[in-house]
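Enquirer: Before anything else, here's the structure in question.
The values are calculated or read from the model by the stated rules, or taken from the named source; none is laboratory data. Note that the structure is a prediction, hence the values are computed from the model and not measured. All Cβ positions, glycine included, derive from the backbone under ideal geometry; neighbour counts span all protein chains shown.
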Ligand SMILES: Cc1cc2nc3c(=O)[nH]c(=O)nc-3n(C[C@H](O)[C@H](O)[C@H](O)COP(=O)(O)OP(=O)(O)OC[C@H]3O[C@@H](n4cnc5c(N)ncnc54)[C@H](O)[C@@H]3O)c2cc1C
């Protein structure tokens, strides 16, 4: 009997690069990628940026060409979700009623937007953003709001996606009201850097509502017309994007009884350094994986592009027998207006000690989060090619004075 294939479940960056790595590392037996969406695996950052603004076409989304899969005998089962996992039997149940046996399995099922559970959430024009389909709908709604509507857009949620879409909508000439529940946006950056981004958006004309409790969406003829807040006010809008965070897709892992990490550690599928789950033939990568960090001495589950880019290949090598522990520092980037930002590291308390080198007013600086005099994480704004030095600082764990950090940009 032919040996069962290696199977990858997922249609994102982690899945694409895992498949590529398996072939590059010499895995020659059958390989199947099961992806719920109708596309081959793609990446998401352009969906809130250049793709949304129609400055780039679909080709930017796909890290691996269509022909590559055929040329490398990778079977793509798109438009088919996996709905059940029996790890003991090494069997995956698919939504089309078929089953797929595997020798080794990689779960790379990513995340889904948290749904808005508010009155009016089912009105036409209340949108979320995760997939190409969502982005196409959002782009059409933005264009429609400008051409046929009042040009007003409401965004609920002041995290990365809300802020990036706000920037894209402003550059498309729309009026944007952004509702955040906290004192300032991007709470993962702490007060000072959250305030920096608040100012950038205010300078670009975004009406930022702080401490806003959205209670309902108002509508007429089945279409959204506004956002109601707890203070009784209704803000008119032609369309609403709800961007209140994402939750990892853990259904398969849970159905197989794989070990999950507690909420206090960010949840996700518990994996070891090789990205192996509690079942020795099942691996996990990308948004869903809670990966032990040798540097920070704790597991991290981080929903960022770079994690998917590197954990996919790392898991692929582990499926082929590598035991090397994953040891990259978390990295993230964002582009909003004229602000290009890179972030490296992890600061459990973003409100902790912060040292800034350069000028926030001039939009060119590096901010360092420190603990006990060590650099834990840093964010570089419009400052390029310095991440190698930042990484050395973080990894060295050496004590660094505030003066030295302030002088970092020279
Ligand atoms: C709009 C947007 C902008 C972003 N911008 C940035 C950015 O600027 N910088 C950054 O660092 N990060 C960014 N991110 C985050 C980054 O895209 C994610 O961290 C990354 O997509 C995670 O990749 P992944 O492969 O783990 O999962 P995903 O990209 O979520 O892919 C998972 C795929 O698996 C499929 N799937 C799920 N369940 C099943 C199943 N049961 N069977 C089959 N298929 C299934 C899904 O349909 C999906 O296609 C952004 C995310 C979004 C949504």
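Enquirer: Pull up segment 72-84, narrow it to residues that are within 12 Å of the ligand (Cβ to nearest atom) and part of a loop (DSSP other than H, G, I, E, B), then point me to the one that is surrounded by the fewest Cβ atoms within 10 Å (Cβ to Cβ).
Expert: 79
Enquirer: Any idea which of (1) closer than 21 Å to residue 257 by Cβ; (2) surrounded by 14 or more Cβ atoms within 10 Å (Cβ to Cβ) is the one residue 69 doesn't satisfy?
Expert: It is condition (1) that residue 69 fails.
Enquirer: Follow-up question, since we're still on this one. Here is a list of conditions, (1) within 15 Å of the ligand (Cβ to nearest atom); (2) assigned to a loop (DSSP other than H, G, I, E, B); (3) in contact (Cβ under 8 Å) with a residue 24 or more places away in the chain, and residue 56 meets all of them except one; can you say which number that is?
Expert: Of (1) within 15 Å of the ligand (Cβ to nearest atom); (2) assigned to a loop (DSSP other than H, G, I, E, B); (3) in contact (Cβ under 8 Å) with a residue 24 or more places away in the chain, only one is false for residue 56: (3).
Enquirer: Shifting gears a bit: Among the residues of segment 32-49, how many are surrounded by 21 or more Cβ atoms within 10 Å (Cβ to Cβ) and in a strand (DSSP E or B)?
Expert: Here the count works out to 3.
Enquirer: For segment 218-249, enumerate the residues that are away from the ligand (no atom under 16 Å from the Cβ), in a loop (DSSP other than H, G, I, E, B) and surrounded by fewer than 18 Cβ atoms within 10 Å (Cβ to Cβ).
Expert: Correct list: 221, 222, 230, 231, 232, 233.
Enquirer: Of the conditions (1) in contact with a strand residue (DSSP E or B) (Cβ under 9 Å, 6 or more places away or on another chain); (2) more than 16 Å from the ligand (Cβ to nearest atom), residue 182 fails just one. Which one is it?
Expert: Status for residue 182: all satisfied but (1).
Enquirer: On the given criteria, is residue 286 buried (at least 20 other Cβ atoms within 10 Å of the Cβ), in contact (Cβ under 8 Å) with a residue 24 or more places away in the chain and closer than 22 Å to residue 349 by Cα?
Expert: Taking the combined requirement at face value, the residue does not satisfy it.
Enquirer: I would also like to ask the following. So residue 150 clears everything in (1) in contact with a helix residue (DSSP H, G or I) (Cβ under 7 Å, 6 or more places away or on another chain); (2) away from the ligand (no atom under 12 Å from the Cβ) except one condition, right? Which one?
Expert: Unmet condition: (1).
Enquirer: With the condition being over 20 Å from residue 239 (Cα atoms) and free of Cβ contacts under 8 Å to residues at least 40 places away in the same chain, I'd like the helices (runs of 4 or more DSSP H) fully within segment 131-208 carrying at least 3 qualifying residues.
Expert: 190-203
Enquirer: Within segment 371-386, track down each residue that is surrounded by fewer than 18 Cβ atoms within 10 Å (Cβ to Cβ) and under 19 Å from residue 327 (Cα atoms).
Expert: Of everything in segment 371-386, just one residue is surrounded by fewer than 18 Cβ atoms within 10 Å (Cβ to Cβ) and under 19 Å from residue 327 (Cα atoms), namely 374.
Enquirer: Wholly within segment 304-410, which helices (runs of 4 or more DSSP H) include no fewer than the required count, namely at least 1 residues that are within 16 Å of the ligand (Cβ to nearest atom)?
Expert: Qualifying helices (runs of 4 or more DSSP H): 305-319, 387-396.
Enquirer: In segment 1-31, which residue that is in a strand (DSSP E or B) and touching a helix residue (DSSP H, G or I) at 6+ places or on another chain (Cβ under 9 Å) is surrounded by the fewest Cβ atoms within 10 Å (Cβ to Cβ)?
Expert: 31
Enquirer: Can you find a residue in segment 309-327 that is touching a residue at least 60 places away in the same chain (Cβ under 8 Å), buried (at least 18 other Cβ atoms within 10 Å of the Cβ) and farther than 26 Å from residue 249 by Cα?
Expert: No, segment 309-327 contains no residue that is touching a residue at least 60 places away in the same chain (Cβ under 8 Å), buried (at least 18 other Cβ atoms within 10 Å of the Cβ) and farther than 26 Å from residue 249 by Cα.
Enquirer: Which one of these is over 25 Å from residue 185 (Cα atoms) and part of a loop (DSSP other than H, G, I, E, B): 258, 252?
Expert: 258
Enquirer: Within segment 389-396, is there a residue that is closer than 25 Å to residue 159 by Cβ, buried (at least 17 other Cβ atoms within 10 Å of the Cβ), touching a helix residue (DSSP H, G or I) at 6+ places or on another chain (Cβ under 6 Å) and at pLDDT 95 or above?
Expert: No, segment 389-396 contains no residue that is closer than 25 Å to residue 159 by Cβ, buried (at least 17 other Cβ atoms within 10 Å of the Cβ), touching a helix residue (DSSP H, G or I) at 6+ places or on another chain (Cβ under 6 Å) and at pLDDT 95 or above.
Enquirer: Return the residues of segment 90-117 that are away from the ligand (no atom under 14 Å from the Cβ), surrounded by 17 or more Cβ atoms within 10 Å (Cβ to Cβ) and outside any strand (DSSP E or B); say none if nothing qualifies.
Expert: 90, 116
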